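To start, the structure itself, in structure tokens.
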Amino acid sequence: MLVYHLPGTFQTREPDLDLLWEAGATGLEERAGAIRVYFSERVLLPPAVADGEWHEEPDQDWQAEFRRTLRPVRAGRVTIVAPWQREEVEAGQLPLVIEPGMAFGTGHHVTTRLAVEALDDLGLETRGPGAAGARVLDVGTGSGVLALAAARLGARFAYGVDIDPLTVPIARENAEVNGLLPSQVRFEEGTLGLSPLTFPEEGVDAYDVVVANLYAELHDLLAAEYAEHLAPGGVAVLTGILADKLGLVRAALAREGFAELRETVEGDWALLTARRRG
Ligand code: SAM
């Protein structure tokens, strides 16, 4: 790999960057106070950028590097791992295998972890009619991680919907990899309001838990529908909320008749849980 090391930063060398592109650079990267300019072959550079040095560097196997640095994510009783990390799940933890990189939701984002921890705290295995396990709706399911975690944690049924059709086969594959059956967890393209949502059993027309990792403005828009899809006393678990936008989601939940608001803040991110009044 041929890399030209140019002293300075993108800011200090801004007028020179175009010259590098024009000279045939295939990529630019700022690292440790210098600019790394990638070329496929050595070229004659204009005098304004001739103060750097050429280096031949060994090719890096980014895929191997990614696999080496990716860590399992522990969220309550669940440990989320990539397929090659199954052996790393500690005894007593519930394993959840997610193929990283194909859809949002590997567990590495703080909001995903917060949501799994919140689902764990709800005691899903004893919720729902007859305390037979909660029926969970996951809005914006991505890789399916939250619906799958709910199923692992004892939900009777989890239903994941996503507006992006590309996520659906990925989520279904993750269900299969985890040995979860369509009677336990199902994924469809959809969102609240636009497409009719199916229900796990005839005569059942509500969920015990709605979980959604979206963003504050969308929670504000969807709050009425969260309430509509929840059974009385059901719980909304909402995250993807920037901490400074908590007020918007709090107000939306209060407006739609939710009570017992609880929030968790970690760094810039927040999660809210609230109960639909019974
Ligand atoms: N649930 C996963 C998690 O917690 O890691 C993925 C969350 S990711 C931040 C948000 C997902 O919501 C994306 O897959 C996106 O396609 C989906 N999404 C965005 N707007 C949506 C909407 N209005 N209805 C349903 N899904 C939506």
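The values are calculated or read from the model by the stated rules, or taken from the named source; none is laboratory data. Everything quoted here is computed from the prediction, not taken from an experiment. All Cβ positions, even for glycine, are placed from backbone atoms using ideal geometry, and neighbour counts span all protein chains on display. Areas reflect the complete protein model, heavy atoms only, side chains present, ligands, DNA and RNA absent. Shrake-Rupley method; radii C 1.70, N 1.55, O 1.52, S 1.80 Å.
Key figures for this structure:
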item	result
Residue check for VAL136: part of a strand (DSSP E or B), within 10 Å of the ligand (Cβ to nearest atom) and crowded, with 23+ Cβ neighbours inside 10 Å	no
Total residues in segment 75-94, condition in contact (Cβ under 8 Å) with a residue 24 or more places away in the chain and away from the ligand (no atom under 15 Å from the Cβ)	3
Qualifying residue in segment 24-33 (condition: of a type in the set (Lys, Arg), assigned to a strand (DSSP E or B) and open to solvent by less than 90 Å² (accessible area, probe 1.4 Å))	no
Residue list for segment 48-104, filter: open to solvent by 80 Å² or more (accessible area, probe 1.4 Å), in a loop (DSSP other than H, G, I, E, B) and out of contact with any Gly (no Cβ under 7 Å at 6 or more places or on another chain)	ASP51, PRO58, ASP59, GLN60, ASP61, ARG71, ARG77, GLU90, ALA91, MET102
Tally, over segment 86-124, of residues that are hydroxyl-bearing (Ser, Thr, Tyr) and within 11 Å of ALA149 (Cβ to Cβ)	1
Number of the condition not met by LEU148 [criteria: (1) within 11 Å of the ligand (Cβ to nearest atom); (2) open to solvent by 10 Å² or more (accessible area, probe 1.4 Å); (3) not hydroxyl-bearing (Ser, Thr, Tyr)]	(2)
Every pair of residues 6+ apart whose Cβ atoms lie under 8 Å, when the first sits in segment 125-139 and is touching a residue at least 60 places away in the same chain (Cβ under 8 Å) while the second is more than 16 Å from the ligand (Cβ to nearest atom) and assigned to a strand (DSSP E or B)	ARG127/ASP208; GLY128/ARG135; GLY128/ASP208; ALA134/ASP208; ARG135/PHE157; ARG135/ASP208; VAL136/PHE157; VAL136/ASP208
Answer residue from segment 231-241, given it is away from the ligand (no atom under 12 Å from the Cβ) and within 23 Å of the chain's Cα centre (by Cα) and is farthest from GLY123 (Cα to Cα) among those	ALA236
